[in-house]
Amino acid sequence: MGSRETILARVRSALADVPSAETPDDVPVPRDYQRSRSGLDLVELLVDRLVDYRAVVHLDPSVADLARARGRLMVPTGVPSEWLAGVEVVRDEPPLSATELDALDGVLTGCAVAIAETGTIVLDGGEDQGRRALTLVPDYHLCVVRRDQIVRTVPEALERLDPSRPLTWISGPSATSDIELDRVEGVHGPRTLEVAIL
């Protein structure tokens, strides 16, 4: 037997217990994910992770005060009016171009869910979040997270999300590093992420 035949025999042997493409349902997939853990409370854990990712976090702030301090903000139509007192608001109607979005001082949105263990905020394009470009083009993002939107684990977040919606997962400000580990922020999204937890 040659090298090729030896390798193929080993592959066939390793795959002997794997179901074929015609019968993928033969093997049950365990779904007993851990959904709750003791330790830090959810808000404290989320704040810890967000700060670790270099996000600026505020507990129970006046959203309007934070927004006014930033200037002219893009605001989706579903954002509550109490967040907008005295804020210079720009709407995405008709949809603004990337150049117009980039010229703004930032964006103010809500979120769909926040995951405490990973410090991740998930947007699903809801009325208080708008289309994906609104949160990726401006250099500043003020995101409001309500305490009832915070879950501990990713499986808990997935239970609350609709997989058919456009999901954007945010773990801190946009950042990347080159081979020398020089961190550069703002390459793939906002350079500054500010989170208001209500």
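The values are calculated or read from the model by the stated rules, or taken from the named source; none is laboratory data. What you are looking at is a predicted structure, and each value in this text was computed from that prediction instead of being measured. Note that each Cβ is placed from the backbone with ideal geometry, even for glycine, and that neighbours are counted across all protein chains shown. Ligands, DNA and RNA are excluded from the accessible area calculation, which covers all protein heavy atoms including side chains. Shrake-Rupley method; radii C 1.70, N 1.55, O 1.52, S 1.80 Å.
Remarks
- Of all DSSP beta bridges confined to the chain, the antiparallel ones make up roughly 30%.
- Rounded to the nearest 20 debye, the dipole magnitude of the chain is 220 debye, with +1 charges on Lys and Arg beta carbons, -1 on Asp and Glu beta carbons, and the Cα centre as origin.
- In terms of the mean number of neighbouring beta-carbon atoms within 10 Å, the peptides 130-143, 53-66 order highest first as 130-143, 53-66.
- Stokes-Einstein translational diffusion, the stretch 116-161 - Kirkwood Rh over all Cα pairs, 1.306 mPa s, 10 °C, in µm²/s: 133 µm²/s
- Among 50, 108, 167, residue whose mean-square fluctuation peaks in a GNM of the chain (springs only between Cα atoms under 10 Å): 167
- Rounded to the nearest Hz, the phi-derived 3J(HN,Hα) couplings of the stretch 58-74 under the Karplus curve 6.51 cos²θ - 1.76 cosθ + 1.60 (θ = phi - 60°) are 10, 9, 6, x, 7, 4, 4, 4, 4, 5, 4, 5, 9, x, 7, 10, 6, where x marks glycine and proline.
- Within the listed set 75, 184, 11, the residue fluctuating most in the Gaussian network model of the chain (springs between alpha-carbon atoms under 10 angstrom) is 11.
- Using the 1.4 Å probe convention, the accessible area of the chain works out to 58 Å² per residue with neighbouring protein chains retained.
- Portion, in percent, of the accessible area of the stretch 37-197 that falls on carbon or sulfur, probe 1.4 Å: 49 percent
- Using a Gaussian network model of the chain in which every pair of alpha carbons under 10 angstrom is joined by a spring, one finds that among 76, 163, 155 the greatest mean-square fluctuation is at 163.
- Per-residue Karplus couplings for the stretch 44-50, computed as 6.51 cos²θ - 1.76 cosθ + 1.60 with θ equal to phi - 60°, are listed in order as 4, 5, 4, 4, 4, 5, 4 Hz, Gly and Pro entered as x.
- Cα gyration tensor shape of the stretch 45-198, rounded if a/c is under 1.5, else prolate or oblate by comparing a/b with b/c: rounded
- Over the chain: helical MRE at 222 nm, DSSP H runs n ≥ 4 each giving -39500 (n - 2.57), nearest 500: -6500 deg cm²/dmol
- Range in the chain, longest, excluding exposed GluC sites (Glu not before Pro) [loop by DSSP; at most 14 other beta-carbon atoms within 10 Å]: 23-87
- Net length available on complete extension from residue 4 to residue 42 is 8.3 nm, with 0.36 nm assigned per residue and the Cα-Cα distance removed.
- Residues residue 98 and residue 175, FRET efficiency given R0 of 22 Å [Cβ-Cβ distance, rounded to 0.05]: 0.60
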